[in-house]
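Structure first, commentary second.
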Amino acid sequence: MSAEGSVDAPQGTPPDPCALVRNRGYIGLLVMAAVLGVPISAAAYGFLALVNELQPWIYADLPKALGFQATPPWWPLPLLGVAGLLVGATIRYLPGIGGHKPAEGLSTTGAPKSRDLPGIFVAAVATLALGAVLGPEAPLVALGSGTTVWLVRLLKPDLPERAGAVVGAAGSFAAVSTLLGSPITGAFLLMEASGIGGPMLGVVLVPGLLAAGIGSLVFIGLDSWTGLGTYSLAIQDVPHANTPTGAEFGWAIVIGLAAALLGTGIRRLALLLQPRVERRLIPATVLVGLVIAGLAIAYAEGTGKGATEVLYSGQTALGPVLANSADYTVGTLTLLVACKGLAYCASLSAFRGGPIFPAMFLGAAGGIALSHLPGLELTPAVAMGIGGMSVAMLRLPLTSVLLATLLLGWQGITVMPLVIVTVVVTYVVVIRLSPDPTDRFKTGAREDPT
């Protein structure tokens, strides 16, 4: 079965979605997506559990095991140095350049080859566990789709290429099924990033939704069995949000403009640094890691807060920062945004991971800082900041609105009109600031490693 044409349709004939759904091959794809959704989501759960266990062990437990009473202030330096060495060596010597380059956007250009999967895994674990400022979503998408296609071709070597693409997409759906808080958010992310549309949208989307739903159940079941957690993005005890005011709609425009400028600056600087890193890959990646560590140390020493607020993706730090926002001065938040933003930019240029969570964290921290100004409450400011920075870095407006609103629960629904205005303003300004239509920072952009 082809994902884009019926079995008997003449070449060049537009595909008939209804005929495809009635085809027995399509039912087989659904069964395959359901069956493979279980092991792929379980493997994704194991990947997230591994990273989640390694981060505190490496940062907090290992120093104590080495005889330190607490984590030394300089501890991020060896961590990020080793991270740079591992990632640089992986990109240089293993097939697949460690996955897509995060400075060029979220790659959805198809499943990686099976020989590329070990390099993607090693680069992702080194990046995420040792403190670089990137998230797990991009490696999960690549590992989920690549592993699924590899397993299917072991069982059915003659699987048509386009049917394999649909199965690979289902693997991606299963891998990120609950990472962004809901299977729906992950589905919209992959749908919007891949540009799926038109009458074939449902045909391609249904197997992915089925795999995502099964993946969510697997994540919940493994959480109940292991007690490790669901690794789903969530914020508890979100402050109450009142009905949006006229002043807040004005702030939506201001925050949208600010997010566009900040996101464009991060993106352009990352793309400027990337070829310079690639010229001397291993030493330059180590140097970038040391710069990230230096930014984390500078923030910790200057504010008395933890260096981990600058390190890592920000996925787990987002909730605590919001819950304890009263403990952060405007100066502290400004320094946090500056150090995290620069560390994020450096990570995009050299390491391997996803761009979503650091962008959300930057938006939330910036929103908390702005909420000290007149006419702007905390929850709307955080929601608008998350939406603005998400679309500035992803260029996916619908996904960005969902990320900013569903994350905040009922309070997010209340402030959704403000988020929509912010996202639209940011998106339009970012596109206008793009130098030309061939801007390399496009969703799905990926250079041929050859």
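Return the FRET efficiency for the residue pair Ser114, Ser434: r is the Cβ-Cβ distance, R0 is 41 Å, and the value is rounded to the nearest 0.05.
Working: r = 35 Å, r/R0 = 0.86.
FRET efficiency, Ser114 to Ser434: 0.70.
Given N residues in the stretch 268-325, what is Rg(Cα) / (2.2 N^0.38 Å)? Walk me through the numbers before you get to the answer.
Working: Rg = 14.4 Å, N = 58, 2.2 N^0.38 = 10.3 Å.
So the stretch 268-325 has a normalised radius of gyration of 1.40.
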Surface accessible to a 1.4 Å probe, per residue, for the residues of the chain, Å²: 41 Å²
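Per-residue counts of other Cβ atoms within 10 Å, averaged by peptide: what ranking do you get for 150-158, 43-51, highest first? Display every interim value, and only then the final one.
Values: 150-158: 12.8, 43-51: 19.8.
The peptides rank, most packed first, as 43-51, 150-158.
Quick one: Cα convex hull volume of the stretch 73-163, Å³ per residue?
Looking at the stretch 73-163, the number lands at 92 Å³ per residue.
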So for Glu53, Glu377, Glu137, Glu161, what's the accessible-area order with a 1.4 Å probe, most first? Glu161, Glu53, Glu377, Glu137
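Given Cβ point charges of +1 (Lys, Arg) and -1 (Asp, Glu) and nothing else, what value in debye, to the nearest 20, does the dipole of the chain about its Cα centre take? Don't jump to the answer; show the numbers that get you there.
Numbers: 23 positive and 23 negative charges, 177 e Å.
With only Lys, Arg, Asp and Glu charged at Cβ, the dipole is about 840 debye.
Take the solvent-accessible surface of the protein heavy atoms, probe 1.4 Å, and return the percent of it on the stretch 263-415 that carbon and sulfur atoms account for. All intermediate terms of the calculation are to be shown ahead of the outcome.
Details: 3180 of 4770 Å².
The computed percentage sits at 67.
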If packing is taken as the mean number of other Cβ atoms within 10 Å per residue, what is the order of 333-343, 355-365, 126-136, 241-251, highest first? 355-365, 126-136, 333-343, 241-251
Label-point separation in nm, Thr226 to Leu30, each point 7 Å along Cα→Cβ: 3.1 nm
Would you please give the residues with an amide H less than 5 Å from that of Gly135, counting only those at least 5 places away or on a separate chain, with H modeled from the backbone geometry? Gly354, Ile356, Phe357
Work out Dmax and Rg for the stretch 23-81 from the C-alpha atoms and quote the Rg first, both in angstrom. 20.8, 65
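Mean separation of Cα pairs under 8 Å and 6+ residues apart, divided by the residue count of the stretch 175-309: what relative contact order is that in percent? Don't skip to the end; give the middle numbers.
Numbers: 58 pairs, mean separation 26.3, N = 135.
20 percent.
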Which ³J(HN,Hα) values, rounded to whole Hz and listed in residue order, are derived for the stretch 40-48 from phi using the Karplus coefficients 6.51, -1.76 and 1.60 in 6.51 cos²θ - 1.76 cosθ + 1.60 with θ = phi - 60°, glycine and proline given as x? 5, 5, 5, 5, 5, 4, x, 4, 5
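Starting from the Cα gyration tensor of the stretch 361-437, multiply each eigenvalue by 5, take the square root, and state the resulting semi-axes largest first in whole Å. Intermediate results must be reported in sequence, preceding the final value.
Working: eigenvalues 89, 38, 19 Å².
That gives 21, 14, 10 Å for the three semi-axes.
Once you have the alpha carbon radius of gyration of the stretch 135-275, what is it after dividing by 2.2 N^0.38 Å, with N set to its residue count?
Numbers: Rg = 19.3 Å, N = 141, 2.2 N^0.38 = 14.4 Å.
Rounded to two decimals, the normalised Rg is 1.34.
Restricting to DSSP H runs of at least four residues, report the calculated mean residue ellipticity at 222 nm for the chain, -39500 (n - 2.57) per run over all residues, nearest 500 deg cm²/dmol.
Values: 18 runs with 297 residues, N = 450.
Computed mean residue ellipticity for the chain: -22000 deg cm²/dmol.
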Assigned charges on the beta-carbon of Lys, Arg, Asp, Glu; the stretch 259-408 dipole about Cα centre (debye): 620 debye
Which Cα, out of Ala359, Leu335, Ala317, lies furthest along the positive dipole direction of the stretch 275-415 (beta carbon charges, K/R +1, D/E -1)? Ala359
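Per residue, how big is the convex hull around the C-alpha atoms of the stretch 276-378? Give it to me in cubic angstrom, could you? Let's see the in-between values first.
On the way: hull volume 9.6 nm³, N = 103.
About 93 Å³ per residue, rounded to a whole number.
Quick one: plug the Kirkwood hydrodynamic radius of the stretch 229-315 (C-alpha pairs) into Stokes-Einstein at 4 °C, 1.567 mPa s, and report D in µm²/s. Each step should come with its number before you reach the end.
Values: Rh = 16.9 Å.
This corresponds to a translational diffusion coefficient of 76 µm²/s.
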Dipole magnitude (debye, nearest 20) for the stretch 234-332, charges at Cβ of Lys, Arg, Asp, Glu: 600 debye
Gain in length, Val38 to Leu272, computed as 0.36 nm per residue apart minus the alpha-carbon separation, to one decimal in nm? 80.1 nm
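Pull out the extension gain between Arg279 and Ala323, defined as 0.36 nm times the separation in residues minus the alpha carbon to alpha carbon distance; nm, one decimal. All intermediate terms of the calculation are to be shown ahead of the outcome.
On the way: separation 44, 0.36 × 44 = 15.84 nm, distance 4.30 nm.
Taking 0.36 nm per residue and subtracting the Cα distance, the gain is 11.5 nm.
How many percent of all Cα-Cα pairs in the chain sit more than 28 Å apart? Walk me through the numbers on the way to the answer.
On the way: 49671 of 101025 pairs.
Result for the distance tail: 49 percent.
The values are calculated or read from the model by the stated rules, or taken from the named source; none is laboratory data. Keep in mind the model is a prediction, meaning the values are calculated, not measured. For neighbour counting, all protein chains shown are included, and Cβ atoms are generated from backbone atoms with ideal geometry for every residue, glycine included. Accessible surface areas use protein heavy atoms only, side chains included; no ligands, DNA or RNA. Shrake-Rupley method; radii C 1.70, N 1.55, O 1.52, S 1.80 Å.
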